[in-house]
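Novice: Would you mind keeping the following structure in view while I ask a few things?
The values are calculated or read from the model by the stated rules, or taken from the named source; none is laboratory data. Quick caveat: nothing in here was measured; it's all calculated off a predicted structure. Cβ coordinates were reconstructed from backbone atoms using ideal geometry, including for glycine residues, and neighbour counts include every protein chain displayed. Accessible surface areas use protein heavy atoms only, side chains included; no ligands, DNA or RNA. Shrake-Rupley method; radii C 1.70, N 1.55, O 1.52, S 1.80 Å.
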Amino acid sequence: MKPLRAIGFWRGRDYPDLPDPRDFIDPGWALDERLEILEYLRGGRVLHHYLGSAPCRLCGERVGSTTRTDGVYAWPEGLAHYLEAHALRPPPAFVDHVLSVHDQELSVDDAWWRAEPPTGTARAWTRLRVEVSG
């Protein structure tokens, strides 16, 4: 199994060797591309939950408490904040990855589902009625 590639984890007191977000600010970055990357970041699957919320290294706003992934990259939930609020532009390798994944045409194949045998054991459940009172 290939390890996930980390992105968007920033330099701080405990991590002096990580990148500084100020080095990635690009106010001239095309808005349409930025919005596409932003949507992708927000749609990532939650990988980890943390008890506390991380502060933005630029403005101090609380920006999230999860790490998200697409199966290739892992990023803090707050990376979306950096793009939206501070015009941070991720490295070209990540942007190219997102755009290539986002541009793939998706189709639905339900043939396997139609061919699967039922797994239930009691059709009687469909006749049962459960009432919940509040």
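Novice: Any idea what angle helix 31-42 forms with the longest principal axis of the chain, computed on alpha-carbon atoms, 0 to 90 degrees, nearest 10?
Specialist: 50
Novice: Let me ask something else about it. Could you tell me the extents of the chain's C-alpha atoms along the three principal axes, largest first, rounded to whole Å?
Specialist: Each principal axis gives a Cα extent; for the chain these are 63, 41, 32 Å.
Novice: Subtract the Cα-Cα distance of GLU116 and TYR50 from 0.36 nm times their separation in residues, and report this length gain in nm to one decimal. All intermediate terms of the calculation are to be shown ahead of the outcome.
Specialist: Working: separation 66, 0.36 × 66 = 23.76 nm, distance 3.87 nm.
Between GLU116 and TYR50, full extension yields an extra 19.9 nm.
Novice: Leaving out ligands and nucleic acids, note down the accessible area per residue over the chain with a 1.4 angstrom probe, in whole Å².
Specialist: Normalised by residue count, the accessible surface of the chain is 76 Å².
Novice: If each residue of separation counts as 0.36 nm, what is the full-extension length gain between SER107 and GLU39 once their alpha-carbon separation is subtracted?
Specialist: 22.4 nm
Novice: Another question about this same structure. When ranked by the protection proxy of mean other Cβ atoms within 10 Å per residue, highest first, what sequence do the peptides 83-90, 30-37 form?
Specialist: On the way: 83-90: 18.5, 30-37: 13.2.
Order by mean packing, descending: 83-90, 30-37.
Novice: Carbon and sulfur together cover what percent of the accessible area of the chain at a 1.4 Å probe radius? Mind dumping the intermediate values first?
Specialist: On the way: 5490 of 10240 Å².
Reported share for carbon and sulfur atoms: 54 percent.
Novice: Which angle from 0 to 90°, rounded to the nearest 10, does the C-alpha axis of helix 92-102 make with the longest principal axis of the chain?
Specialist: So the inclination is approximately 20 degrees.
Novice: Which whole-percent values make up P(r) of the range 4-62 when all C-alpha to C-alpha distances are grouped in 10 Å steps starting at zero?
Specialist: In order of increasing distance, the bins hold 16, 45, 36, 3 percent.
Novice: Let me ask you something else. Ordered by packing density, taken as the mean number of other Cβ atoms within 10 Å over each peptide's residues, highest first, how do 52-65, 14-27 rank?
Specialist: Top to bottom by mean Cβ count within 10 Å: 52-65, 14-27.
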